[in-house]
1. Which angle between 0 and 90 degrees, to the nearest 10, do you get for helix 232-242 versus the longest principal axis of the chain when only C-alpha atoms count?
2. What 222 nm value per residue comes from the helices of the chain, counting each DSSP H run with n ≥ 4 as -39,500 (n - 2.57) and dividing by all residues, nearest 500 deg cm²/dmol?
3. Mind giving me the nanometre distance, one decimal, between the label points for Lys16 and Ser34, set 7 Å out from Cα along Cα→Cβ?
4. Which entries of Lys163/Lys195; Lys254/Lys383; Lys7/Lys195; Lys121/Lys218 show an alpha-carbon separation above 22 angstrom in the structure shown?
5. With all protein chains present and a 1.4 Å probe, how do Met337, Met303 order by accessible area, largest first?
6. In region 253-386, carbon and sulfur make up what percent of the accessible area (probe 1.4 Å)?
7. Compute the relative contact order of region 1-127 as a whole-number percentage, counting only Cα pairs closer than 8 Å that sit 6 or more residues apart in sequence.
8. Can you spot the lysines whose alpha carbon is less than 16 Å from Lys344's alpha carbon? Ignore those fewer than 8 places along the same chain.
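The values are calculated or read from the model by the stated rules, or taken from the named source; none is laboratory data. Quantities reported herein were computed from a predicted structural model and do not represent experimental measurements. Glycine gets a Cβ as well: all are built from the backbone with ideal geometry, and neighbour counts include every protein chain shown. We work out accessible area using only protein heavy atoms, side chains counted, and drop any ligands, DNA or RNA first. Shrake-Rupley method; radii C 1.70, N 1.55, O 1.52, S 1.80 Å.
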Amino acid sequence: MSHFSTKSIHGGDHLKITPDVITPIHISTTYSYSNNPDELIPGSLTDPNTFVYSRENHPNAAQIEAIVESITGYPCIVYNSGLSAFNGLINYVNPKVLAIGQAYHGCHGIADIWKRNFGLKKISIDDEFTDLGSGDLVHLETPINPYGTYADISKYAEKAHSKGAILSVDATFAPPPLLNPFEFGADIVLHSATKFFGGHSDLLAGLLLVKNNEIKKKLLLDRLVLGTNIGNLESALLVRSLRTFELRVARQSKTAEIIVKFLNENKSKFPNLDKIYHGSLQTDEFIQKQMPNGHTPVFGIEMINEHTAKSFPSKLKLFHHATSLGGAESLIEWRAMSDNHISKKFLRVSIGLEDPKDLLIDLIGGLENNDDEKNSLVEEINKLSI
Ligand SMILES: Cc1ncc(COP(=O)(O)O)c(C=O)c1O
């Protein structure tokens, strides 16, 4: 079994304990001990390979980890949200100094709790790293939320490793097969699986990928006591999602690229549109190597003022005005709602699985006020060979 889509469907088959084609949802929170007194081993409550109590492990979570390990080739630990995964990461590394840049505001929020409680020193990922030492953490997000632009992982890996620090990469916006951060020097990879892994806006989950099973074992022990294992029902939904993972990501990535290209090429026709942010518009040399299988399905637009930005989502019919990303349905968010550090002129767009031409026509309808110009753009879109 060697290819992505096959693994995403069959990577957990060996763990099935019933002949059902689709693994049933095991809702039990507790599992019977063996009737054989010789098998009652003290301390085995913390062995994540035995099913004892579902805060520790359960068949549906184990199946997710097996599938993701099969797809990525790295040991995986699944959590009940992306932020739980970040919490697991920071508790495991236990840094005295954290270098972090533009990153999900919730990760900053956890770092701020550590600052308050344990005196963690937060520095910018673009600082000189004079304060950074062995065992500290550099946390890089690429693609960068909310812009969908890219940072050079190799550059930060070199910088972190030269100080003996660990590099974690939050690759939520570029799930497999778009990006493999380990190839460029990451030590730990994080995904909010709520987004593309889940892909249907109906579950919360997080993943850490690590380099060996020793680290996984430590993270599992921490997860047990932090109470951050994924729920049984969500696990079954996530296994469902993984069955279409490659198809969804490839389609969303391609559609985003088409839309960004069209908007960028016709930007002068949209007087309310000031800037477009997306990795496909970046010209840095590292990008071709780092993103060989397509671009992130998330991009950003900046309007000429706060009012146009705030009112733009209400002009669209196919984009929900909502936070989050990675689902089958396209979303747009006036980002200041979630993160008040972001410009009030900025909107984040997550491309879903709708037809690219329909999405483009919807966006043009909201951006262009002149009917003649709008009609000629729609004609052009309908002629696109995609
Ligand atoms: C880049 C990134 N990392 C982490 C998270 C946190 O994930 P979750 O919402 O699953 O806790 C998010 C959520 O939006 C995110 O966008």
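1. 50 degrees
2. Values: 12 runs with 138 residues, N = 386.
Computed mean residue ellipticity for the chain: -11000 deg cm²/dmol.
3. It works out to 2.7 nm between the two label points.
4. Lys163/Lys195; Lys121/Lys218
5. Met337, Met303
6. 47 percent
7. 21 percent
8. Counting by Cα, and skipping residues close in sequence, Lys344 has these lysines nearby: Lys275, Lys310.
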